[in-house]
Amino acid sequence: MPPNTVQRQRVLVLYLRHSGLESQVIGWSHYDGTGQTVPMAGDSDTPPYKTGVDALLDGWRLFQVSPLVAHASGDEFRTDYLKYEFFFEQWVTVEKT
Amino acid sequence: MSAIKLTTMQMAHFAARGFVRLDVTIPDAINQRFLNDIGTLSPEPTHIRAQYRQLMHSSVIPLVDAGTPLAKAYPKDSAVAQMLQVPEVSGAIESLVGATPVVDHHFLHVALPATASDPNTPRRSQHTHQDSTIDPRQAFDVQLFYFPHAVTAEMGGTRFIPGSHFRVVSEAAIGRYQNILGQKHVVCPAGTVFLFHMGLWHGAGLNQSEQVRTLFKIRLCPTQKQERLWDTQEMTPGPNPRPIFWTDGTRDTTQLETTLMTPEPWFEADTGRLEYLNRIRFWRYITGDDTYDADYWLTRVENEFV
């Protein structure tokens, strides 16, 4: 790593249509540890990638996947949080401030 | 002025998507009077909490105890009361929560432009959330959103997720969902009114214009079972159940079931089907018909032999 630089994390969260990474992106969030961008709710109506695999192809590293959880008895039909959440990261070298 | 109730198709839209939009409903005179009455903001860049303190002290919007009947909440000659008496508005309220709803709370939401915002506080949109708290009831409250002036895209009008209203979540727990496929942003002429199902996911956008954006919200609760309160005259059943999956590809958009069975772009492959069940159960509730089904979705899972 060059002198006077540090590494910072960028995080991409994708919500997919089913548990497979090849499925369509239906929700997305960004967090930028470099401070170079300020992502926020409602800042884009177009997904950054069509599928989760497309994010991998663009260099994002997958580090967390939501587990598949059995539906509790009596609660099988309730809908709540988005089920298929995938966390990706990139490490970016930036100048030390 | 007699109320203009919602039609069956408007109710089906509300059941499926969680909102009703009443376009250019409120006369300009009422909009202008409301804007004149709501109080003043500091012209200097100030923290939003200080702006609200000043607004609350200078506004004629009354303090209303939670649970106050709507009919007694606002002075009869006030702009808010006049807005609520517009036939399309009073009819929509009556269609959804009956003739004697009570006020849960109201709030004047303002979104400041950069020039009036505290320069030391980062400017952001509001996180996506569901109002109030976890609420798994079948009975439902509505949130009336009154936009007294035109809202442009730059003004960051309310963002909302059609079809999210049956999701049982805990308020800001969904705050990390920044963007959802099919999300909408309110852009409207002055005098537009929306009525949201209480569960609809939403959040305020960032105001990037040079003007203050204003929205008045009233949450209304029913005092009766919400059964057949709308104009049910057009409730003519179409062919139902219809063929599913193997179909001829035609869609009759005038048919109730077509609206109830239309997915949102963000629906997951599996839980999108559960949303169909939610909509059918909601339709059973508001019609009082426990046998209603659309395209066999509930009949299939109720076909039990004990």
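FYI, it's all coordinate maths here, none of it is from the lab. Here the structure is a predicted model, which means the values were calculated and not measured. All Cβ positions, even for glycine, are placed from backbone atoms using ideal geometry, and neighbour counts span all protein chains on display.
Selection over the range B:82-131 of residues that are part of a strand (DSSP E or B) and among the β-branched types (V, I, T) gives a count of 3. Taken together, the residues in the range B:281-299 that are of a type outside the set (F, W, Y), more than 11 Å from chain A (Cβ to nearest Cβ) and in a helix (DSSP H, G or I) amount to 4.
For the range B:124-144, what are the residues that are of a type in the set (D, E) and away from chain A (no Cβ under 14 Å)? Scanning the range B:124-144 gives B:D131, B:D141.
In the range A:44-57, the qualifying residues are those that are more than 7 Å from every other protein chain (Cβ to nearest Cβ) and of a type outside the set (A, V, I, L, M, F, W, C), and the one that is farthest from the chain's Cα centre (by Cα) is A:T46.
When the range B:157-186 is limited to residues that are part of a strand (DSSP E or B), of a type outside the set (A, V, I, L, M, F, W, C) and out of contact with any Gly (no Cβ under 6 Å at 6 or more places or on another chain), the one that is farthest from the other protein chains (Cβ to nearest Cβ) turns out to be B:K184.
Per the conditions (1) hydrophobic (A, V, I, L, M, F, W, C); (2) free of Cβ contacts under 8 Å to residues at least 40 places away in the same chain; (3) assigned to a helix (DSSP H, G or I), the sole criterion not satisfied by B:A66 is (3).
B:E154: under 23 Å from A:V13 (Cα atoms), more than 15 Å from the chain's Cα centre (by Cα) and away from chain A (no Cβ under 12 Å), yes or no? Criteria not met by B:E154. B:K76 meets the conditions (1) surrounded by 14 or more Cβ atoms within 10 Å (Cβ to Cβ); (2) out of contact with any Cys (no Cβ under 9 Å at 6 or more places or on another chain) in every case but one. The failed one is (1). Please determine whether any residue of the range B:228-245 is of a type in the set (G, A, S), more than 29 Å from A:H71 (Cβ to Cβ) and surrounded by 11 or more Cβ atoms within 10 Å (Cβ to Cβ). Yes: the range B:228-245 contains one or more residues that are of a type in the set (G, A, S), more than 29 Å from A:H71 (Cβ to Cβ) and surrounded by 11 or more Cβ atoms within 10 Å (Cβ to Cβ). The set of residues in the range A:6-43 being assigned to a loop (DSSP other than H, G, I, E, B), of a type outside the set (S, T, Y) and out of contact with any helix residue (DSSP H, G or I) (no Cβ under 9 Å at 6 or more places or on another chain) consists of A:H18, A:G33, A:G35, A:Q36, A:V38, A:P39, A:M40, A:A41, A:G42, A:D43. From the list A:V13, A:V65, A:V25, the lone residue that is within 11 Å of the chain's Cα centre (by Cα) and surrounded by fewer than 17 Cβ atoms within 10 Å (Cβ to Cβ) is A:V65.
Within the range A:70-78, at least one residue is at the interface with chain B (Cβ under 7 Å from one of its Cβ atoms) and more than 24 Å from B:Q183 (Cβ to Cβ).
For the range A:32-40, state whether one or more residues are within 14 Å of another protein chain (Cβ to nearest Cβ), acidic (D, E) and either under 27 Å from B:G203 (Cβ atoms) or in contact (Cβ under 8 Å) with a residue 60 or more places away in the chain (or both).
yes
Scan the range B:107-150 for residues that are over 28 Å from A:D43 (Cβ atoms) and either buried (at least 23 other Cβ atoms within 10 Å of the Cβ) or out of contact with any Phe, Trp or Tyr (no Cβ under 7 Å at 6 or more places or on another chain) (or both) and report the count. Count: 7.
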